[in-house]
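Only one structure is covered here, and it is reproduced in the block below.
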Amino acid sequence: MVVNRDSPIGVFDSGFGGLTVMRSLIDLMPNESIVYIGDTGRYPYGNKPADEVRGYALELAESLVHDHGAKLIVVACNTAASVALDLLTATLPVPVIGVIEPGARALVRVTHNGKVGVIGTVGTIASQAYDTAVGATGAEVRLTSAACPGFVEFVERDQTDGDEVTLLATRLLSPMKEAGVDALLLGCTHYPFLAPVIQRVMGDGVVLVSSANETAFAVRDVLETRGVEAPSDAQGSRRFLSSGDVEWFATLGRRLLGPELGEVSAWMSGASS
Ligand code: DGL
């Protein structure tokens, strides 16, 4: 397959969470064209068996490559990246970047006391992908992990603050407080939307780390190394697709991402060419 500098970057997530990565990609590389698929028709991934998530991830990534000519794939979903990155890397003819390794690198960089935490979906935490990625950095840190079931559902119904979510956050984040972490990685792309609540619960002394910016830097590096970055005078275009309700994706997506989220088209499983 032929890709060139004008080919788009392909991004996917189970839903809206990947828009946090999309924001960083747009801000860092406004000249790049990007196609985003939110698999809201099959979300959430976080409590599904790993094999099922792997199948979804492969189908979405192949659609981005074969139907949209993506020159690089960003797995903007921790759950999918934690179980499918190796498969996608081995299968696809273009580079694949996940959010796990960039997030782990950013996390170990900011800690002062060596006690770090990661929160994510049940699937991500069970995969132990962060234990591996933090270990691979070689940093001498102690990692505490916790799943936060329920956080994603709050974001997906646009309830990103208030008593209910604060109560849940207080309960789910207590292992992090007990462990005395001074840096907490939001290991789910939905969680940055809950950052104000999480910060309040954890206290000002704890640095919240999102993998979005670090992932965008990794994408830029790979594009530049391969010589397929968009020309600096290019006008980047953005395309959004959703396997669920496209009107809802447009409405909530625009609130979460900003005005770049224009029209949303339907993406259908099994329709890939
Ligand atoms: N955005 C997904 C992640 O980063 C979580 C949402 C879901 O469970 O589908 O893990």
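Look at ALA70 and say whether it is under 23 Å from VAL122 (Cα atoms) and in contact with a strand residue (DSSP E or B) (Cβ under 9 Å, 6 or more places away or on another chain). So ALA70 does not fit the description; no. Among GLY46, GLY69, GLY38, which is within 11 Å of the ligand (Cβ to nearest atom), touching a Pro at 6+ places or on another chain (Cβ under 8 Å) and not aliphatic (A, V, I, L, M)? From the options GLY46, GLY69, GLY38, the qualifying one is GLY46.
Considering region 202-245, the residues that are part of a loop (DSSP other than H, G, I, E, B) and of a type in the set (Ser, Thr, Tyr) include one that is surrounded by the most Cβ atoms within 10 Å (Cβ to Cβ), namely SER211.
I'm trying to understand the selection: among the residues of region 192-201, which are over 21 Å from the mean Cα position of the chain (by Cα) and surrounded by 19 or more Cβ atoms within 10 Å (Cβ to Cβ)? Please lay out each step first, then the result.
Within region 192-201, the first condition is being over 21 Å from the mean Cα position of the chain (by Cα), and the residues that meet it are 200-201.
If the condition is that a residue be over 21 Å from the mean Cα position of the chain (by Cα) and surrounded by 19 or more Cβ atoms within 10 Å (Cβ to Cβ), then VAL201 is the only one that fits.
When ALA234, ALA218 are checked against the criterion of being farther than 30 Å from ALA179 by Cβ and touching a residue at least 24 places away in the same chain (Cβ under 8 Å), a single residue qualifies: ALA234.
Restricted to region 166-187, and to residues there that are assigned to a loop (DSSP other than H, G, I, E, B) and not hydrophobic (A, V, I, L, M, F, W, C), the residue that is nearest to the chain's Cα centre (by Cα) is GLY187. Checked against the criterion of being farther than 22 Å from PRO44 by Cβ and of a type outside the set (A, V, I, L, M), the candidates GLY253, GLY258, GLY270, GLY187 yield just one match: GLY258. Checked against (1) away from the ligand (no atom under 16 Å from the Cβ); (2) at positive phi, GLU178 meets all criteria but (2).
Specify the residue that is surrounded by the most Cβ atoms within 10 Å (Cβ to Cβ); the eligible residues are those in region 137-180 that are of a type in the set (Val, Ile, Thr) and touching a residue at least 60 places away in the same chain (Cβ under 8 Å). Steps first, please.
Step one: filter region 137-180 for residues of a type in the set (Val, Ile, Thr), giving 137, 141, 144, 152, 155, 160, 165-166, 170.
Remaining after also requiring touching a residue at least 60 places away in the same chain (Cβ under 8 Å): 152, 155.
Working: VAL152: 27, VAL155: 23.
Checking each candidate, the answer is VAL152.
Taking the conditions (1) under 16 Å from the mean Cα position of the chain (by Cα); (2) in contact (Cβ under 8 Å) with a residue 40 or more places away in the chain in turn, GLY117 satisfies each one other than (1). The single condition among (1) without any contact (Cβ under 8 Å) to a residue 60 or more places away in the chain; (2) more than 17 Å from GLY18 (Cβ to Cβ); (3) of a type in the set (Ser, Thr, Tyr); (4) in contact with a helix residue (DSSP H, G or I) (Cβ under 9 Å, 6 or more places away or on another chain) that THR89 does not meet is (4). From the list VAL94, VAL118, the lone residue that is among the β-branched types (Val, Ile, Thr) and part of a loop (DSSP other than H, G, I, E, B) is VAL94. Here is a list of conditions, (1) over 21 Å from VAL118 (Cα atoms); (2) near the ligand (Cβ under 8 Å from one of its atoms), and LEU64 meets all of them except one; can you say which number that is? Checking LEU64 against (1) over 21 Å from VAL118 (Cα atoms); (2) near the ligand (Cβ under 8 Å from one of its atoms), the one that fails is (2).
Here, each number is a calculation from the coordinates, and none is a lab measurement. Being a predicted model, the structure only gives us computed values, none of them experimental. FYI the Cβ positions are ideal-geometry reconstructions off the backbone, even for glycines, and counts take in every protein chain you see.
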